[in-house]
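All remarks here apply to the structure that follows.
The values are calculated or read from the model by the stated rules, or taken from the named source; none is laboratory data. Here the structure is a predicted model, which means the values were calculated and not measured. Methodologically, a virtual Cβ is constructed for each residue, glycine included, from the backbone with ideal geometry; neighbour enumeration extends over all protein chains shown. When the accessible area is computed, the model is the full protein with side chains, heavy atoms only, and any ligands, DNA or RNA have been set aside. Shrake-Rupley method; radii C 1.70, N 1.55, O 1.52, S 1.80 Å.
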Amino acid sequence: MSAALDNPYWMPFTANRDFNQQPRVISGAAGHWYTTADGKELYDTFSGLWTSGIGHCHPKIVAAVQEQVATLDYCMGFQVTNNKAIELADRVTALAPDRLNHCFFTNSGSESVDTALKIALGYHRARGEGNRTRLIGREKGYHGVNFGGMSVGGIVPNRKVFSAALIPGVDHLRHTLDLEHNAFSRGQPEWGAHLAEDLERLCTLHDGSNIAAVIVEPVSGSAGVIPPPVAYLERLREICDHHGILLIFDEVITAFGRVGKAFGAERFGVTPDIITTAKGLTNGVIPMGAVLVRDEIYEAFMQGPAHMIELFHGYTYSGHPVAAAAGLATLDVYEEEGTFAQATALEQHFEDLLHAFKGHKHVIDVRNFGLMGAIEMAPRDGLPGARGAEAHKRCFWDENLVVRAGMDTLQFSPFLNSDPDEMSRSFEAVRRVMDTLE
Ligand SMILES: Cc1ncc(COP(=O)(O)O)c(C=O)c1O
């Protein structure tokens, strides 16, 4: 078999054959840097995969995980539970907006999203509105790869192959990225709030009383950082309130400091009914996600005979004690080190570095919000994605930099506790690569 085909490891969201020609394998990390087996040090411009905001191998989290794995490695999470899961639910809900006081643990963002959609359907049914079954997502939305999340998601290649198996009764709002009107916006674009009216149109089409929930990322991440237009999220909230529709914010990326607050909801001043999270909950150290729900939603399930299970849903690893210990240590660090304020203090520098790429030969847009940023390059004729892929590889091999490319858009998710000079140097390196890109 050729070298390109004989790697037993089938990598996720990766061009496997191309990768296998020149594997990029990381074997260690400390703080803001990765290391490879041959001693190369690489600066991580993506904080893991939007996960590791306070840096890799944070000693406090490492110690908490080591201690927990030697104390209680696992216990059943159905019918009994562990002390760390209870403690973490308390801590997370204390950070959440008002009335989102109940927390269901999962192991990933995808599971959080599918859990949230199921809770939304169950909630309406429990209240005698079982007709509310329709779910609304948004074009370019990313809500993970399970069937629910994929169905409400709006990234075409993620859906294409599975088109016939997507769940029925789903509609999408239009996305809000329009380079004619909002290219090179710094932060939230002024243009685009009117696109929230798509929801009102769908309420007219289906009758709002048939719609269960709307799910959006407050800032779209995986589609290449698309901040919400000014007043857009507020308008979605109003329309949901008017029609009795639940608003779900998918905060798998935007929670835990990425936009300078514990949750994007707080930053935008818009409170959803359900929040999905993962990633920064444990700083990426152990897989874990959480779904936070408003009191009324939880209470709606708490009826019928008290010995009966109220929600037939859960994962073997829901509330895993080692993950929960990692989560508790992570929240401690956020508090002790003032991580969210650190992130806020870096925003302007980050924005300036990104927007300095305006006018570069390949660049057609730059977008940013909080510590989320993107530089979109024009695709090569007939070869979409090739320029971005080459930029990623050249950053790795020539500049010792891990940069994420989503098609031809370079995405940036700097550490919440970045050193501003390190951040500047990383963008100088990106520029050197882009200057020589065809
Ligand atoms: C907004 C959003 N939702 C869901 C997910 C899926 O998370 P996971 O990959 O942990 O399943 C992601 C992952 O990037 C995400 O950004």
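Odds and ends about this structure:
- Taken over segment 240-250, the criterion of being buried (at least 22 other Cβ atoms within 10 Å of the Cβ) and not in a loop (DSSP other than H, G, I, E, B) is satisfied by CYS240, LEU246, LEU247, ILE248, PHE249, ASP250.
- Yes/no for VAL113 being within 15 Å of the ligand (Cβ to nearest atom) and surrounded by fewer than 19 Cβ atoms within 10 Å (Cβ to Cβ): no
- Sole residue being within 18 Å of ILE245 (Cα to Cα) and of a type in the set (S, T, N, Q), chosen from ASN210, ASN158: ASN210
To keep it simple, each residue is scored yes or no on (1) surrounded by fewer than 24 Cβ atoms within 10 Å (Cβ to Cβ); (2) within 14 Å of the ligand (Cβ to nearest atom); (3) of a type outside the set (Ser, Thr, Tyr); (4) part of a helix (DSSP H, G or I).
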residue: VAL252; (1), (2), (3), (4): no, yes, yes, no
residue: LYS261; (1), (2), (3), (4): yes, no, yes, no
residue: ASN283; (1), (2), (3), (4): no, yes, yes, no
residue: ALA300; (1), (2), (3), (4): yes, no, yes, yes
residue: HIS307; (1), (2), (3), (4): yes, no, yes, no
residue: LEU311; (1), (2), (3), (4): yes, no, yes, no
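- Test for ALA164: is it more than 16 Å from the ligand (Cβ to nearest atom) and closer than 18 Å to LEU292 by Cα: no
- Checked against the criterion of being in contact with a Gly (Cβ under 8 Å, 6 or more places away or on another chain) and either modelled with pLDDT under 95 or open to solvent by 10 Å² or more (accessible area, probe 1.4 Å) (or both), the candidates HIS181, HIS206 yield just one match: HIS181.
- Scan of segment 119-134 for residues that are open to solvent by 30 Å² or more (accessible area, probe 1.4 Å) and either within 15 Å of the ligand (Cβ to nearest atom) or aliphatic (A, V, I, L, M) (or both), ordered by number: LEU121, ALA126
- When the residues of segment 99-110 are filtered to those that are open to solvent by 40 Å² or more (accessible area, probe 1.4 Å) and under 22 Å from LYS279 (Cα atoms), the one that is farthest from the ligand (Cβ to nearest atom) is ASN101.
- Tally, over segment 187-227, of residues that are touching a strand residue (DSSP E or B) at 6+ places or on another chain (Cβ under 8 Å) and either within 23 Å of SER112 (Cα to Cα) or in contact (Cβ under 8 Å) with a residue 40 or more places away in the chain (or both): 25
- For segment 277-311, the set of residues classified as touching a Gly at 6+ places or on another chain (Cβ under 9 Å) and without any contact (Cβ under 8 Å) to a residue 60 or more places away in the chain consists of GLU310 only.
- Selection within segment 143-155 - open to solvent by 30 Å² or more (accessible area, probe 1.4 Å) and within 11 Å of the ligand (Cβ to nearest atom): VAL145, ASN146, ILE155
- Selection count, segment 240-269, where residues are in contact with a strand residue (DSSP E or B) (Cβ under 8 Å, 6 or more places away or on another chain) and either within 20 Å of ASP207 (Cβ to Cβ) or aliphatic (A, V, I, L, M) (or both): 11
- Test: residue in segment 116-135 that is of a type in the set (S, T, N, Q) and more than 30 Å from ASP295 (Cβ to Cβ): no
- Residues of segment 263-281 that are outside any loop (DSSP other than H, G, I, E, B) and away from the ligand (no atom under 16 Å from the Cβ): GLU266 alone.
- When residues of segment 35-50 are limited to those that are open to solvent by 30 Å² or more (accessible area, probe 1.4 Å) and of a type outside the set (A, V, I, L, M), the one nearest to the ligand (Cβ to nearest atom): THR35
- Residues satisfying the stated conditions in segment 287-298, i.e. buried (at least 22 other Cβ atoms within 10 Å of the Cβ) and assigned to a loop (DSSP other than H, G, I, E, B): MET288, ARG294
- The number of residues in segment 76-94 that are open to solvent by less than 30 Å² (accessible area, probe 1.4 Å), touching a helix residue (DSSP H, G or I) at 6+ places or on another chain (Cβ under 8 Å) and not β-branched (Val, Ile, Thr) comes to 3.
- Unmet requirement for LYS140, which otherwise passes all of (1) of a type outside the set (Val, Ile, Thr); (2) touching a His at 6+ places or on another chain (Cβ under 6 Å); (3) more than 16 Å from the ligand (Cβ to nearest atom): (3)
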